[in-house]
1. For chain A, which span is the longest to avoid every loop-located (per DSSP) member of chymotrypsin sites (Phe, Trp or Tyr not before Pro) having at most 14 other Cβ atoms inside 10 Å?
2. Residue by residue through A:192-198, how many Cβ atoms from other chains fall within 10 Å of the Cβ on average?
3. Please turn the phi angles of the range A:244-249 into ³J(HN,Hα) values with the Karplus equation 6.51 cos²θ - 1.76 cosθ + 1.60 (θ = phi - 60°), one per residue in order, whole Hz, x for glycine and proline.
4. Order these by the 10 Å Cβ neighbour count, fewest first: A:Lys25, A:Lys275.
5. Could you work out how far the C-alpha centroid of the range A:40-85 sits from that of the range A:306-339, in angstrom?
6. What is the mean number of Cβ atoms from other protein chains located within 10 Å of the Cβ atom of each residue in peptide B:51-59, rounded to a whole number?
7. Could you tell me which trypsin sites (Lys or Arg not before Pro) in the range A:159-223 are loop residues by DSSP with no more than 14 other beta carbons within 10 angstrom of their beta carbon?
8. Which distance in Å, rounded to a whole number, links the C-alpha centroids of the range A:96-142 and the range B:55-122?
Amino acid sequence: MTRGLRLCALTLGGFAFAGCHPTVKPGDPLPGLTREQRAQFDRGAKVFDTVFTPETGLGPVFNSVGCAECHEDPVRGGTGDEKEVHATAFQPPLCDPLVEEGGFVVQLAVTPALKAALGIDSEPFPPSATARAVRATPVVFGRGLLDLVPDSAILSYADPDDRDHDGISGRVNHFVDGRVGRFGRKAFVPRLAEFNAGAFSAEMGITSPAVPTEETVGGLPIPPGVDPLPEPEINQAALDQTDDFVRLLGAPTRLKGTAEAKRGGKVFASVGCDKCHRETLRTGDSPIAALRYKVFPAYTDLLLHDLGPELADICLGEATPSEFRTEPLMGLRVLEHFLHDGRAASLEEAIQLHGGEATAVRDRFLGLGDADRAALIAFLETL
Amino acid sequence: MKNRLPGTLLSLALVCSPALPLTVLAQQPAPPQDTTQLYVYTGTVHAVQSQTGSLDLITGMGHALRLVHIRTLPATQTMSGVATIRFADLAPGDKLRADCRMTPSGLIADRIEKLPAPGQSP
């Protein structure tokens, strides 16, 4: 051990095994925040924890009463057992997000006032939908880091025509305005701040300066007198604070793990999981030093990949029903159910359900001996 | 031309500066009242009504999508790059930018620019 490394190990004894970095537990802020940034994180956590009511802006249609209502397990920013429903109409090559029928997020709850006015318990399912999708609650750890991966990096990973003949042809999705998408199970949303602002509206029915108009009820306007609060229902400061919290949530440090888990990391690469679940990504420039030019364990390429007909559900943007964004595996260890809809009860089952472009890699996994398969799972359980 | 500047800046901001506050990024169909201000919408064409010279544009923020109804006048410029195209050449799925102003009868586009498909050179 060199003198520098010894010094590092001595002075940072409580820090993680990998390099000389402080350990980030699920729910922790990014390491290296200034005092003011840490205060921003804490202020944002309070908004994230807020339980909204109709009197404070909730609804009239909504999926959840607050961010932490879903992103709660085992800590704020984690997963949850709530599931929601999305629906679109696929008319190849176009995907209709059914905005005329209420949009692709189908809100499953309504306020008492809307129920009294229309006699409904949820937003009507869009009649023109060609597919219905269930979405499990993802963790939001490390999303500020993902936000800062340059578009050029994402584009450089794409291989839509499989020119390298490895059977994997990731491609980029684009938002309605043509920008490169990266957030959401279909990589539809370009920026974290937009995802967060959109979630206030689509998930909680809360308008903001960024989204100043209410969701419709299956495409129809909200009946008069049902929505008591004038728009916007939260101000820019509340939106910014929420965004600060999510942006500054750290990517959990990989657990040290056993020798088996370490070996599993090599198996992960040798069978080809890392062709899509890229181990590291690098952020670009940022005014926040803790986010600037950071190499972080992402385990995603932020691209769409065809996972086969078994998993196919809705289209979205340019994503076909069977295409999904490579799920970042940061914080994987806190999940109890896996895949976009939570259908897999174990990591092994989730891998087995990979099809399409992932078929060859899945088959290599299935062809492993018991020890190597166990090692790979042990590795995943450290993420 | 004077009225175009804020719209141009907004459009540039949308494309170039993800760090800008959301108030600048917002493209929602809020009920604008100022008839002199330019309202810029960038989105995907949902439907084109050639006979009435109007279109519905999908815009939005994150998973909260909205439809904006935009009308044109005979003087409305419809462009694809530097070339003038017919309004009827627009089709669902096209991505475009519309420079609009609010009138008592709704949004009127002064200029519509069909954007190159992603991955395509302008």
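1. Within chain A, the longest run free of exposed chymotrypsin sites (Phe, Trp or Tyr not before Pro) spans A:18-292.
2. Average per residue, whole number: 6.
3. Rounded to whole hertz, the list is 4, 4, 5, 5, 9, 5.
4. A:Lys25, A:Lys275
5. Cα centres, the range A:40-85 to the range A:306-339: 23 Å.
6. What the average comes to for B:51-59 is 2.
7. A:Arg163
8. The range A:96-142 and the range B:55-122 have Cα centres spaced 28 Å from each other.
Coordinate-derived values only; no laboratory data. Please read all numbers here as calculations on a predicted model, not as lab measurements. Don't worry about glycine lacking a Cβ; one is built from the backbone with ideal geometry, like all the others, and counts go over all protein chains shown.
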